[in-house]
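Below is one structure; the comments refer to it alone.
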Amino acid sequence: MMEEELKKLWQSSPEQEQVKFEKSRFMMDVQANVDRFHKSMKQLYLRESMGVIIIIPIFLIYAFIFPQPLTKVASGLIILWGIYILLVIRKTKQQKPEQYSLSYLEYLQQTRAYLELQKKLRKNVLLWYALPLLSFSFLFLVGLLKDKPDGKNAIITSGIICVAVGIAIHFLNRISAKKFVEPKLKKVNDLIQALEE
Amino acid sequence: MDIELENTFLTGLERNKQKLLRICSVYARDHEDKKDLFQEVLVNIWKSMPSFKAKSSIDTWMYRVTLNICLSTQTKLTKKKKHFINMDSVKLSQYEGPPLTEEDNQRILFLRSCIKMMNDADKGVITLYLEELAYKDIATITGLTENHVAVKIKRIKKKLLNCIIEKS
C-alpha cells in the first residue's frame, strides 16, 4: 500500500461521521460548559479545603475559651497547620497540568512532574500531614485532661487513638499512591520514552 | 465574549472539525466515547483560546490541544465528564459521500485497528501524518525536532504497513 493511498484511505472513511454545528446555539453551549467547568473547579477546591477551613475558626475559639496554656499553644499550632495545609492544596492545584496548548512532550513532562508530586505527598503524608496534626491534637487533649481525676487513662487512650489514626492514614496513602498514582506515572513515563526514542 | 477570538475559534473549527474528530476516534473506545471526547476537545479549545498567541497557526494549535486532551483522558488525569459536557448543538451524522468498494472498506478497518493497537505517542504522530500535516507542524505539536519526527514517521509507517499486510 502506497503512502498516498494510506492518507486517502484514512481521510475518506465511510464510517466516519460528519460534524455539524447548530450555529445559533453552538457558542452559547460551549461557553455554558466552560462556565460550568470553572464553577465545578471552585466547588472542588472548596470541598477539598472545607475540613481545614472549619478547623481554623474552631481552634481559634478554643484558644480563647480554654485557660490551659498547653491547650492554647496546641490550638495555635493546629491553626498554623491548617494554614499550611491550605497552602499545600493550593500549590498542588497550581501544578496540575491544564495548559493544553503546550506541546505534546511538554504536556507529558508537566503531567509527570504533577504525578511525581502526588506520589511524594502521599508517601510522605505522615510527615507533613498526619504527624503534626496528631501530635498537636494530642497536646491539645493533654492540656485539657491532665488535671482531671481520670486524666491519665484518658491521655493514654487518646495517645493510642492518635497512633492508630496516624498508622491508618500512612497506609491508606501508601495504597493510594501504589494503586492510583504509580500506574498513571508509569504510563506517562512509557509515553515520554516512546515519543523520545 | 471577545468577537475576534470567537471568529478565530469558529473559523478554525469549521476548517478542522473532521480532522479533530478523526484524531479523537483513535483514542476513543467506542462511538459514545468518541462523541464525549470530541465535545470535551471543543470545550477545552474554547477555554484555552485566550492563550492562543498566533505564534503558530490556529490549525496546529487546535491539534495540539486535541492531542493533549485525548492524552489526559487516557491517563485519566481528567475525570470523565459525561454528566458535565452535554452539547445538543453538536451533531454527528452519517457520512454521505460516494460508497467505497468492499475491499476499501476492509482496508480502512485494518488501518484503523492497526492504529488503535499502537501506543498513544505513535498514534498521535501517525494521525497527524495521515492528516497531511507538514513535518514542521508535527514537530511543533509534539515538541520533537523535525528530524526526529521524520525518523519516527518512517518507523511507525513501516510498523503500520506490516500490521495491515498481516491482517489482510
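Every number in this text was worked out from the coordinates using simple rules, so none of it is lab data. Given the structure is predicted, the values throughout are model-derived calculations rather than measurements. Every residue, glycine among them, receives a Cβ derived from its backbone with ideal geometry; neighbour counts consider all protein chains shown.
Peptide A:101-113 has a mean shielding of 6, counted as Cβ atoms of other protein chains within 10 Å of each residue's Cβ.
Kirkwood's formula applied to the C-alpha pairs of the stretch B:82-168 gives a hydrodynamic radius of 15.2 angstrom. Per residue of B:148-160, other chain Cβ atoms within 10 Å of the residue Cβ number 1 on average.
For the protein assembly as shown, the spread of Cα coordinates along the three principal axes comes to 92, 46, 35 Å, biggest extent given first. Taking a straight Cα-Cα cut-off under 26 Å and skipping sequence neighbours fewer than 8 places away in the same chain, the lysines within cross-link reach of B:Lys55 are A:Lys96, B:Lys17, B:Lys19, B:Lys47, B:Lys123, B:Lys136, B:Lys152.
Give me Rg over Rh for the stretch B:93-140, both radii from the alpha carbons and Rh done the Kirkwood way, two decimal places. A ratio of 1.08. Rg/Rh for chain B stands at 0.97; both radii use Cα atoms, and Rh follows the Kirkwood definition. Placing a pseudo-label 7 Å from each Cα along the Cα-to-Cβ vector at A:Val34 and B:Asn162 gives an inter-label distance of 4.5 nm. Of all complete DSSP H helices in chain B, those with a Cα span along the helix axis of 18 Å or greater and a mean Kyte-Doolittle hydropathy of 0.0 or more are B:58-74.
Net charge of the neighbourhood of A:Leu141, taken over other residues with C-beta under 15 Å away and scored Lys/Arg +1, Asp/Glu -1, is +2.
Diffusion coefficient of the stretch A:31-115 by Stokes-Einstein, Kirkwood radius over Cα pairs, 4 °C, 1.567 mPa s: 83 µm²/s. Taking every residue in A:23-32 and counting other chain Cβ atoms within 10 Å of its Cβ, the average works out to 6. Helices meeting the span-like rule in chain A (full DSSP H runs, Cα extent of at least 15 Å along the helix axis, mean Kyte-Doolittle score of 1.6 or higher): A:131-145. Placing R0 at 35 angstrom, the Cβ-Cβ distance between A:Leu121 and B:His31 gives a FRET efficiency of 0.40 after rounding to 0.05. Applying a 4.7 Å cutoff between beta carbons, the unpaired cysteines of the protein assembly as shown are A:Cys162, B:Cys24, B:Cys70. Here the Debye sum runs over all C-alpha atoms of chain A as equal scatterers in vacuum, and log10 of I(q)/I(0) at q = 0.07, 0.09, 0.18 Å⁻¹ comes out as -0.40, -0.59, -1.27. For the stretch A:81-197, the convex hull spanned by the alpha carbon atoms encloses 83 Å³ per residue.
Need the C-alpha centroid separation for the stretch B:121-168 versus the stretch B:19-79, integer Å. Distance between centres, Cα-based: 18 Å.
Straight distance only, please: which aspartates and glutamates reach the Cα of A:Lys120 with their own Cα at less than 18 Å, same-chain residues fewer than 8 apart left out? Cα-Cα hits under 18 Å: A:Glu182. Summary of the geometry: the stretch A:1-66 and the stretch A:118-197, compared by the centres of their Cα atoms, lie 30 Å apart.
Using Cα springs under 10 Å in a Gaussian network model of chain A, which residue among A:Met28, A:Met50, A:Met41 shows the largest mean-square fluctuation? Comparing A:Met28, A:Met50, A:Met41 in a Gaussian network model of chain A, the most mobile one is A:Met28. In whole angstrom, the stretch B:2-42 maps to an equivalent ellipsoid with semi-axes of 24, 10, 6, each derived as √(5λ) from the alpha carbon gyration tensor and ordered largest first.
Here's the list of lysines a cross-link from A:Lys152 could span, going by alpha-carbon distance under 30 Å and ignoring same-chain residues fewer than 8 apart: A:Lys72.
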